[in-house]
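Working notes, structure below.
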Amino acid sequence: MPELPEVEVLVRHLAPLLKNRTVRDVQIRRAEVLRSVTRSKFERALSGARFLELTRRGKYLVFTLRRPPARANFCLLGHLGMTGRMYLQPASAPLPKHVAIAFLLGKRRFVFEDTRCFGRLTLDCGALSTLGPEPLTADFSAGCLGRALKKSAQPVKVKLLDQSLVAGLGNIYASEALFRAGISPRLAARKLTRRQVARLWRSIRAVLTEAIEFGSTVPLEWAGAGGKDRLFYYGQARGTPDLYLERFQVYGRAGGPCFVCRTRIRRITQAARSTFYCPRCQPA
C-alpha cells in the first residue's frame, strides 16, 4: 500500500499538472470509491470546479477546488488504498478497464484507477482531524513521540501504524525505521528508553526523507492503458525496470541475510500485518 513517500512524490508530480484546470465533465465508472457523498452530489460539486491546489496530509491527497460563482473553496479528499493510481492521460485515449472516476480537463483527462476499489474519493475531509503530526515537520519531535509511546502497552511496531500517533507512516517504513534504530518490533511501546525514542525519531525521519528523494528520481509520466504502474516503491518488486534499485534493509526480505550482520531476516505477524526484522540487530 502506498505510504507517505509514495503519496508525497505523486502529489508533487500531479500538483502543477492540475493547477487551474477546470473539470468539464465527471465520469463515474465505479461508484464504490465514493464515500459519504451520493453520486449526484459528487457530480454537481465537481462539474465546472477548478483545481487550485494539491497537497498531502498523511496518506491522503488533499485537492482544493472552487466552483464558480461560489467564492468559497472546497476540499476533495483522495486515498489510493492498495491498488489506486492517479494520472493524466490524453482525453482522446480510451479509458482503462479499472477506471473508477475520470475528470475531463479539456485536452487531458485526470484518471483515478483502482483495481480492487479499496481507494476512495470524498468531499468529507473530517478524517484529517484525526491524524497525528507530520513526521517531517517541526510538530513531530522526539519528545512528542516519546510521550505518545509511553501511553501504550502495544508492541512498538503496531503502535507506529496508529495514524493518530504519526501521520503517513505505514507497514513498510515502520519496519525499516525500527531496523535502523536497532529496536525490536516486539518491544512494548511504553518500555522504550529515552535514547531508543531519540534513535527511532531520527530513523523515521531519515527513512522517509530518503524514500522521497529516491522516488523523486523515478519518472511518473504514464499514459494509462497498457503502461506500467509508475508509483515507485522503496524497494524492488518483481518485473520493475532497472531504475528501481533494491533499497529495503528488512522489509520483504524474510530468510535473506541482514546486510549488517548476515543473520537471516525474520518475518512475524503483528496486528494482521507482516513485520520484518533482524533478531541480532534488533534484540528483544
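Every read-out reported here was derived from the displayed coordinates using simple, explicitly stated rules and does not represent laboratory data. Just so you know, these numbers come straight off a predicted model, no measurement behind them. Neighbour counts are summed over all protein chains in view; Cβ atoms, including those assigned to glycine, are modelled from backbone coordinates with ideal geometry.
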Dipole in debye (nearest 20) - region 41-165, about Cα centre, beta carbon charges: Lys, Arg +1; Asp, Glu -1: 120 debye
Placing +1 on each Lys and Arg Cβ and -1 on each Asp and Glu Cβ in the chain, then taking the dipole about the Cα centre, the residue among 26, 158, 265 whose Cα reaches farthest towards the positive end is 158
So if I average 1/r over every pair of distinct C-alpha atoms in region 1-88 and take the inverse, what Kirkwood radius in Å does that give? 13.7 Å
Gain in length, residue 198 to residue 93, computed as 0.36 nm per residue apart minus the alpha-carbon separation, to one decimal in nm? 32.7 nm
To the nearest 20 debye, what charge dipole does the chain have about its Cα centre, counting +1 at the Cβ of each Lys and Arg and -1 at the Cβ of each Asp and Glu? 680 debye
Can you list the HN-Hα couplings for region 270-284, worked out from phi with the Karplus curve (6.51, -1.76, 1.60; θ = phi - 60°), rounded to whole Hz and with x for Gly and Pro? 10, 6, 6, 10, 7, 10, 10, 7, 9, x, 8, 6, 10, x, 5
Listed with the fewest Cβ neighbours within 10 Å leading, 248, 112 appear as 248, 112
Under the rule a/c < 1.5 gives rounded, and otherwise a/b versus b/c splits prolate from oblate, where does the chain land using the Cα gyration tensor? prolate
For residue 34, what residues show an amide H to amide H distance below 5 Å, using hydrogens built from the backbone and excluding near sequence neighbours? 121
Put in order of increasing Cβ neighbours within 10 Å, starting from the fewest, 107, 159 give 107, 159
Determine the relative contact order of the chain: mean sequence separation of Cα pairs under 8 Å and six or more apart, normalised by residue count, in whole percent. 17 percent
May I ask you to sort 158, 197, 37 by Cβ crowding, counting other Cβ atoms within 10 Å and putting the fewest first? 37, 158, 197
What are the ³J(HN,Hα) values, in whole Hz, obtained from phi via the Karplus relation 6.51 cos²θ - 1.76 cosθ + 1.60 with θ = phi - 60°, for each residue of region 23-32 in sequence order, with x given for Gly and Pro? 7, 8, 7, 10, 10, 10, 9, 9, 5, 4
Residue among 266, 202, 147 with the largest mean-square fluctuation in a Gaussian network model of the chain, springs linking Cα atoms under 10 Å: 147
For the chain, built as a Gaussian network whose Cα springs stay under 10 Å, the top-fluctuating residue of 153, 70, 142: 70
Cut-off under 5 Å, modelled amide H: who pairs with residue 108 long-range: 91
Region 4-129 - percent relative contact order, Cα under 8 Å, separation 6 or more: 29 percent
Have a look at 106, 132, 78 and tell me which one the Gaussian network model of the chain (Cα, springs below 10 Å) gives the largest fluctuation. 106
Residue 259/residue 206 FRET efficiency (R0 22 Å; Cβ-Cβ; nearest 0.05): 0.90
Output ³J(HN,Hα) for region 61-76: one whole-Hz value per residue in order, computed from phi by the Karplus curve 6.51 cos²θ - 1.76 cosθ + 1.60 with θ = phi - 60°, and x for Gly and Pro. 9, 10, 8, 9, 10, 9, 10, x, x, 4, 8, 8, 7, 9, 10, 10
Please tell me which of these pairs span more than 22 angstrom C-alpha to C-alpha: 19/59; 59/97; 19/97; 59/157? 59/97; 19/97
Output the DSSP H helices from the chain with an along-axis C-alpha extent of no less than 24 Å and a mean Kyte-Doolittle hydropathy no less than -1.0. 194-215
5 angstrom amide H check on residue 57, placed H, neighbours 5+ away: 62
